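J.: Structure provided below as structure tokens; questions to follow.
Read-outs: derived from the displayed coordinates by stated rules, not from any lab. Owing to the predicted nature of the structure, the values given are computational and were not obtained by experimental measurement. With ideal geometry, Cβ positions are generated from the backbone for all residues, glycine too; neighbour counts draw on all protein chains shown.
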């Protein structure tokens, strides 16, 4: 069982893919970490030796901002935008898209899946 940055990595996944389960590490950064450590990304987590796990753990904790520290930084950035009442901060407060996306037909995830159509949605019963 490999734990890196407080996250238990999935046992049956390849190392390169399993590292992406850590918040702040995507596919590109996972490849960079493996290149730096010299560990193959094709081995499974269950086959990972303790020395390799320690090498990866030290690289991640020393060189990259991940998990709790990164989450706090992102929340602080959003809070700052809200406090200075910027346009982006206002959009965050209203839970709307903030990078210029349209909202008439899209952004259902942010606004909630609200679909308003004509009529009540009930079909009229036909007489037989």
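J.: Give the peptides 57-70, 38-51 in descending order of average Cβ contacts within 10 Å, highest first. If you can, show how the numbers build up before the last one.
T.: On the way: 57-70: 15.1, 38-51: 13.0.
Per-residue mean Cβ counts within 10 Å order the peptides as 57-70, 38-51.
J.: Which of the following values of Cα extents along the principal axes in Å was calculated from the structure shown: [x] 75, 54, 21; [y] 44, 29, 28; [z] 52, 27, 23?
T.: The calculated read-out lines up with [x].
J.: In nm, give the distance between the simple-model label positions of residue 43 and residue 61, each being 7 Å from the Cα along the Cα-to-Cβ direction.
T.: 2.0
J.: Rounding to the nearest 10 and keeping the result within 0 to 90°, find how far the Cα-based axis of helix 50-63 lies from the longest principal axis of the chain.
T.: The angle comes out near 60 degrees.
J.: Right, another one. Between residue 13 and residue 71, what length comes free when the chain is fully extended (0.36 nm per residue of separation minus the Cα-Cα distance, one decimal in nm)?
T.: This chain segment gains 18.4 nm when fully extended.
J.: Mind pulling the angle between the C-alpha long axis of helix 27-37 and the longest principal axis of the chain? Nearest 10 degrees, somewhere in 0 to 90.
T.: That helix lies at roughly 10 degrees to the long axis.
J.: Grab the DSSP H runs of the chain that are 4 residues or longer, score each as -39,500 (n - 2.57), total them, divide by all residues and round the 222 nm result to the nearest 500 deg cm²/dmol. Each step should come with its number before you reach the end.
T.: Values: 6 runs with 57 residues, N = 128.
Estimated from H runs of four or more residues: -13000 deg cm²/dmol.
J.: Which peptide among 81-88, 9-16 comes first, and what is the full order, when sorted by highest mean count of other Cβ atoms within 10 Å?
T.: Working: 81-88: 12.0, 9-16: 16.0.
Taking the mean over residues of other Cβ atoms within 10 Å, the ranking is 9-16, 81-88.
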